[in-house]
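Here is the structure we will look at.
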Amino acid sequence: MRQTLRGHSVYLRALEPEDLEFLYAIENDESIWEVSHTLTPYSRFLIRQYLENAHQDIFEAKQLRLAICLQESTTAIGLIDLFDFDPVHRRAGIGILIKNENDRGKGIGKEALELLVKYAFHHLQLHQVYANIGLENAASIALFTTFGFQKIGLKKDWIYRNGQYFDEALFQLIQNKNNEHVRE
């Protein structure tokens, strides 16, 4: 039996109550607030409520957040999301975070991204997925462009951080009629 959300070295799973401390650490890590557009910390109470409602399907919640785990473990090492899910126009945003730096650069993000894109195109029947990436985030730009995402736009002075404005690019991956990714 083929499992869409299972790859060679990682798999994606639904969030569990046991992920509370992992989510708490991520949501309260100010170094990544810019990426998640967060301005305030989250309490364990709010995260527990979020986890209790995580059973809602993407059509109801307009978001799907999955834990990234290594094959030999149930412990989350990252998160990958579909957000702003639009079933009418068949598109969604996509975001990914590998928590620890020593887990980055090992192909984990690439494999997780591939699994989620396949799921989005084949199971959710999406036509396209997109990502918003700050131009200074070279690692994310490399990940998404290596996978075939195309830079289609630039949002000037989009992110305000530490008294400065930064540009953010919009990357897009479109599925063609043969269920393949459009690459130019």
**Q.** G95 vs. criteria small (G, A, S) and within 26 Å of N176 (Cβ to Cβ)
**A.** yes
Q) When you look at F45, is it among the aromatic types (F, W, Y), at pLDDT below 85 and surrounded by fewer than 12 Cβ atoms within 10 Å (Cβ to Cβ), yes or no? A) no
Q | Selection from region 1-36 of residues that are modelled with pLDDT of 75 or more, open to solvent by less than 90 Å² (accessible area, probe 1.4 Å), within 21 Å of Y119 (Cβ to Cβ) and of a type outside the set (A, V, I, L, M) | A | G7, S9, Y11, R13, E16, D19
Q. Do we have E60 as more than 25 Å from A120 (Cα to Cα) and either modelled with pLDDT of 85 or more or out of contact with any strand residue (DSSP E or B) (no Cβ under 9 Å at 6 or more places or on another chain) (or both) here?
A. no
Q) Exactly one of (1) surrounded by 13 or more Cβ atoms within 10 Å (Cβ to Cβ); (2) in contact with a Phe, Trp or Tyr (Cβ under 8 Å, 6 or more places away or on another chain); (3) part of a loop (DSSP other than H, G, I, E, B) is unmet by L39. Its number? A) (1)
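The values are calculated or read from the model by the stated rules, or taken from the named source; none is laboratory data. None of the values given here were measured: they were computed from a predicted structure. Cβ: placed from backbone, ideal geometry, glycine included. Neighbour counts: every protein chain shown. Accessible surface areas use protein heavy atoms only, side chains included; no ligands, DNA or RNA. Shrake-Rupley method; radii C 1.70, N 1.55, O 1.52, S 1.80 Å.
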